[in-house]
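The values are calculated or read from the model by the stated rules, or taken from the named source; none is laboratory data. Everything numeric in this text was worked out from a predicted model, so none of it was measured. Ideal geometry is used to build each Cβ from the backbone, glycine not excepted, and the neighbour counts take in all protein chains shown.
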Amino acid sequence: MPVASVNGTKLYYEEHGQGVPLVFVHEFAGELRSWAPQASCFARRYRTIAYNARGYPPSEVPDDVTAYSQQQAVEDIRGLLDALGIDRAHVCGLSMGGYATLHFGLAYPQRALSLVVAGCGYGSVMAERAQFRKDAELTAQRFEKDGMAAAAEVYARGPARVQFMDKDPRGWQEFFDLLAKGSAKGHALTLRGVQMTRPSVFELGDRLEKLEVPTLIMTGDEDEPCLEPSLFMKRKIPTAGLVVIPKSGHAINLEEPEAFNRAVLDFLTAVDQGRWTRRNPASLSGSAILPAGVRR
């Protein structure tokens, strides 16, 4: 079983293919097998690597909540690259993994060839942060008291999950079964250490404006908590592009794998060829019609 010792914690990982490294970072309700549709696609062209975050067996599950944080998630990406002898990689993350990918790009831009930030934004709306933390704590308690399977019954039917259930019941069932086999302790500690303490996307504006790593932002159009944060990131990151997948919820890599893979492949191809550039400043003239500098 391939395991890397990263920042004092053993992380399980799998890799397939060869070439330029492409690292996948999973969401809260997933693990490395959640990237199966992407591993099968991208291993044909890239050295694809996916790993289980701390708290997700067979990776280790630290007992102390202080072992879980947004910064620690960033350091785990860096540590995994170090353990595998990788200097730079494309990094693709969804939800919790999207947050980690974004913060990795901010902290270690020299280590990132590109960033795919998908489904990123939960808990970011300032007026809703108190309720988000309350809901996260309630969910953490449910994992601890009711156990993984019972808590998964509730979590997997959230408002941005029902789209997956409606359009692909079999795929949703596989997603649910994978979630239900996870660690209740690991999920509870991850909620308290990562989700409840990480900064809002809207607090990162100054840092995002300085991010020069090619970035693709992706979201489902019915993933309400991620829509405004995605637009904010698009407007702030000078190298960002935005993909919105229609009639889709949160787990867009599983819900619409063909559309997700095509968008990511087009993005990576452009980056690899040096064709993904900064936004043309002439597109920000302040007018919907007139070029910048034209007298009004």
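A compact table of results
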item: Qualifying residues in segment 156-177 (those that are under 18 Å from the mean Cα position of the chain (by Cα) and not in a loop (DSSP other than H, G, I, E, B)) - the one farthest from residue 68 (Cα to Cα); result: 164
item: Within segment 130-167, considering residues that are touching an Asp or Glu at 6+ places or on another chain (Cβ under 7 Å) and of a type in the set (A, V, I, L, M, F, W, C), the one nearest to residue 194 (Cα to Cα); result: 160
item: Residue 98, sole failed condition from (1) closer than 22 Å to residue 78 by Cα; (2) surrounded by fewer than 16 Cβ atoms within 10 Å (Cβ to Cβ); (3) in contact (Cβ under 8 Å) with a residue 60 or more places away in the chain; result: (2)
item: Neighbours by Cβ (under 6 Å, 6+ apart or cross-chain): first from segment 144-173, more than 19 Å from residue 222 (Cβ to Cβ); second part of a loop (DSSP other than H, G, I, E, B); result: 148/182
item: Condition check for residue 219: surrounded by fewer than 18 Cβ atoms within 10 Å (Cβ to Cβ), touching a helix residue (DSSP H, G or I) at 6+ places or on another chain (Cβ under 9 Å) and among the β-branched types (Val, Ile, Thr); result: no
item: Unmet criterion (only one of (1) within 19 Å of residue 187 (Cα to Cα); (2) crowded, with 18+ Cβ neighbours inside 10 Å) for residue 58; result: (2)
item: Unique residue being of a type in the set (A, V, I, L, M), buried (at least 20 other Cβ atoms within 10 Å of the Cβ), in contact with a Ser or Thr (Cβ under 8 Å, 6 or more places away or on another chain) and modelled with pLDDT of 95 or more when the list is 211, 227, 204; result: 211
item: Elements of type helices (runs of 4 or more DSSP H) in segment 179-296, at least 3 residues being under 17 Å from residue 27 (Cβ atoms) and either in contact (Cβ under 8 Å) with a residue 24 or more places away in the chain or under 19 Å from the mean Cα position of the chain (by Cα) (or both); result: 184-190, 224-236, 252-255, 257-272
item: Hits in segment 88-133 - residues which are of a type in the set (Phe, Trp, Tyr), closer than 19 Å to residue 217 by Cβ and out of contact with any Lys or Arg (no Cβ under 9 Å at 6 or more places or on another chain); result: 122
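Conditions (1) of a type in the set (Gly, Ala, Ser); (2) farther than 22 Å from residue 106 by Cβ, marked per residue:
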| position | (1), (2) |
| --- | --- |
| 226 | no, no |
| 232 | no, no |
| 254 | no, yes |
| 263 | yes, yes |
| 266 | no, yes |
| 273 | no, yes |
| 290 | no, yes |
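Residue-by-condition table, conditions (1) over 27 Å from residue 229 (Cβ atoms); (2) touching a Leu at 6+ places or on another chain (Cβ under 8 Å):
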| position | (1), (2) |
| --- | --- |
| 14 | yes, yes |
| 32 | no, no |
| 52 | no, yes |
| 74 | no, no |
| 99 | no, no |
| 114 | no, yes |
